[in-house]
Protein chains: 2
Amino acid sequence: MDDIALAEVTRGGRVESLHLGRIAVTDDTGRVIRGLGAVEAPVFPRSTVKALLALPLVETGAADRLGLTDAELALACASHGGEIPHVRTASRMLAAAGQSVACLECGAHWPSFEAAARAVASDGAGPTALHNNCSGKHAGLICLAADQGLDPKGYVDPAHAVQRQVTSALEMATSVPHTERNRGLDGCSMPTYAIPLSALATGFARFGTGRNFSSGHASAAARLRSAVASEPFMVAGSGRFDTTLMAHFGQRIFCKMGAEGVMVAALPECGLGIAIKTSDGANRAAEVALAALLLELGAPLWSSADQEVLHGLSCQVLKNWNGREVGMVRAAGKG
Amino acid sequence: MDDIALAEVTRGGRVESLHLGRIAVTDDTGRVIRGLGAVEAPVFPRSTVKALLALPLVETGAADRLGLTDAELALACASHGGEIPHVRTASRMLAAAGQSVACLECGAHWPSFEAAARAVASDGAGPTALHNNCSGKHAGLICLAADQGLDPKGYVDPAHAVQRQVTSALEMATSVPHTERNRGLDGCSMPTYAIPLSALATGFARFGTGRNFSSGHASAAARLRSAVASEPFMVAGSGRFDTTLMAHFGQRIFCKMGAEGVMVAALPECGLGIAIKTSDGANRAAEVALAALLLELGAPLWSSADQEVLHGLSCQVLKNWNGREVGMVRAAGKG
């Protein structure tokens, strides 16, 4: 076990649970600035690479030709909570492509944001594929297909023309081949490719700086970072870590969570990319670990208000059903 | 790190996440038959000890005087999903005590069983404390207070007379002092006391055999095991591990999950108690690890149908939103 302690969960003044994991911090050349744990071992990036998957949508000019807004581009990069603005934005993207919800191949699930799920239930309706947290990513691929005059049907399959384009963008961003040998199937039926944690970090260092990217990718990345910073609610939603962090920091920090405890971030001002994987797949640990790491890595850049936000996100109080404090989730070593 | 690999989560033929933890198997004298990881280190048992907390309700004769049924006793031992039968049974327990939902001090939360939550939402109502997964345990303490002519108000506080009685039962069952020094606050506002994992296992070895228990506890434990075996749905609910396991095995296996990855079990025929804690608090790992352990420990006792159930629970297929198989959660070493 190379993994290090990332986060701990306390109760009654004791550590109740402990999360291990790995952290890679790299620059945009791929140099590992900090490597904790087995940073060359492959991980499935899951939803963390949605912004890289959106590069062709912008780079090809499709987003401009279809008139996609910042909110729509941000949703293409999102794992959203299925709140009403998310669902409406996904619908508008499909409309821009001349399509409807029937075209989505992600499957339906209840909104992850509890109040949104209750609202759907109280309407007597069930959820649709628009509520799927990945509906914006899927709508983005459908827009890409529409702009190229391609039939979107089967766009989740590795052999489909738009899937090949986005996979190629992942390969260019991370400098790692994406083939059937490192392929897994994601929750939304798109492929996800296991790559070294350090390569994932490098992809986001490049996403932040635009260096060691093609010029097309560099300008597309700048456009996407701007869109996400303008519409951080679209990337996740109410009460969510990614939204809270980017609503405060704007373009100074890009971050994105993925299932099974993967987190990525870009710190453009420092030229750094970050990728974290918790060994056990716990997202609560990846969040506090990222906040603590950002607090430290960007230290010279942060105002006291910045520090307060990061400190709060690195040390989250747990309350019970009566609102009584029972413990906390905090980055390891902060006790 | 003393912890050992308990379970792994796979995707695309690779291990995506790995869960560590500890396992204690003891007999009813407290002898450790198998100890993997730091079995003497304290853990918060959380909901795993609900059946031990129900001992005074039966032993004092309160359950009989109030006419509590098997379903009601099983609910006193439960972390239920908030399904309609759970809610109705909790209501009946409160009625038997001459009380109503207003007396519950557990707080309200949405049913954990998704369809039950949707039904509550579509009725336009919110959840009540009856939907709290712990409502049966709380109703049991209220019944105990009612039978003794005590005001139930404040029954969750360590100083309340019924709380002292159930804490004393925990101390006798586990042979470990329960004081403010090892106390934490649980999600339902009851105290939870950190005790060695091996002591937790011993408590359930005794719960299974009735030996090294007071005679009052021994007969109460037999009554509770019978109630739970008769009404396994009440202990958890639709699709839940505890319910599935006990619905098949009846009185041959008692098991109970707790938050943050704690699982206990009793194998009365072998005279063994089991306690498992996942380091990271993941319940998915504790479940598959317990099933694999039961498969092995009870091997001479199991029919091929028994083995099939345990094998299925030790190796659970993961499907995505389109129902496509993406990987599995399985006990470590089963790959």
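For A:L272, the amide hydrogen comes within under 5 Å of the amide hydrogens of A:L267, counting only partners 5 or more places away or on other chains and with H modelled in the peptide plane.
Once you have a ≥ b ≥ c as the square roots of the Cα gyration tensor eigenvalues for region A:277-335, tell me rounded if a/c is under 1.5, and otherwise prolate or oblate according to whether a/b is larger than b/c. Since a/c reaches 1.5 but b/c is at least a/b, the shape of region A:277-335 is classed as oblate.
Protein heavy-atom accessible surface, 1.4 Å probe, per residue over chain A: 34 Å². Taking a ≥ b ≥ c as the square roots of the eigenvalues of the Cα gyration tensor, an a/c ratio of 1.5 or more together with a/b no larger than b/c marks region A:115-251 as oblate.
With a Förster radius of 60 Å applied to the C-beta separation of A:D151 and B:S122, the computed FRET efficiency comes to 0.95. Once the Kirkwood radius over Cα pairs is known for region B:4-331, the Stokes-Einstein relation at 37 °C and 0.692 mPa s delivers a diffusion coefficient of 166 µm²/s. Projected over every direction and averaged, the convex hull enclosing the alpha-carbon atoms of the protein assembly as shown yields 27.7 nm².
Taking all protein chains together and rolling a 1.4 Å probe, A:K319 ends up with roughly 130 Å² accessible. Interface area, chains A and B: about 3800 Å² of buried accessible surface, summed, with a 1.4 Å probe and ligands, DNA and RNA left out.
So what does B:D186 come to for accessible area, using a 1.4 Å probe and Å² rounded to 10? Result for B:D186: roughly 10 Å² accessible. Between helix A:197-209 and chain A there is an angle of about 70 degrees, using the helix long axis and the longest principal axis of the Cα atoms.
Heavy-atom accessible area with a 1.4 Å probe sorts A:L55, B:L66, largest first, into B:L66, A:L55. Helix A:161-174 and the long axis of chain A differ in direction by around 30°, with both axes built from C-alpha atoms. The mean sequence distance of close C-alpha pairs (under 8 Å, at least 6 residues apart), as a share of the length of region A:4-331, puts its relative contact order at 24 percent. Could you list, in their original order, any pairs among A:K277/B:K137; A:K50/B:K277; A:K319/B:K137; B:K277/B:K319 whose Cα atoms are separated by more than 32 Å? In this structure, A:K277/B:K137; A:K50/B:K277 lie more than 32 Å apart at Cα.
Rounded to the nearest 20, the size of the Cβ-charge dipole of the protein assembly as shown about its Cα centre is 120 debye, with Lys and Arg at +1 and Asp and Glu at -1. Rounded to 0.05, the FRET efficiency of the A:R65 and B:A95 pair, given R0 = 60 Å and the Cβ-Cβ distance, is 0.35. Expressed as an acute angle from 0 to 90° and rounded to the nearest 10, what is the orientation of the C-alpha long axis of helix B:283-297 relative to the principal long axis of chain B? Roughly 70 degrees between the two axes. With R₀ set to 45 Å, the beta-carbon distance separating A:N283 from B:V32 gives a calculated FRET efficiency near 0.85.
Considering helices alone, the calculated mean residue ellipticity of chain A at 222 nm is -12000 deg cm²/dmol, with DSSP H runs of length four and up weighted by -39500 (n - 2.57) and normalised per residue. Only protein heavy atoms count here; on that basis, with a 1.4 Å probe, A:V9 has an accessible area of about 0 Å². To put it simply, the accessible area of the protein assembly as shown at a 1.4 Å probe is 51 percent carbon and sulfur. Absence of a disulfide-compatible partner, taken as no other cysteine beta carbon within less than 4.7 angstrom, is noted in the protein assembly as shown for A:C77, A:C103, A:C143, A:C255, A:C270, A:C315, B:C77, B:C103, B:C143, B:C255, B:C270, B:C315. Between B:S230 and B:A102, the modelled labels are 3.3 nm apart [label points 7 Å from Cα along Cα→Cβ].
The values are calculated or read from the model by the stated rules, or taken from the named source; none is laboratory data. All of these numbers come straight from a predicted model, not from anything done at the bench. Please note: Cβ atoms are built from the backbone with ideal geometry, for glycine as well, and neighbour counts cover all protein chains shown. Note: areas computed on protein heavy atoms with side chains; ligands, DNA, RNA excluded. Shrake-Rupley method; radii C 1.70, N 1.55, O 1.52, S 1.80 Å.
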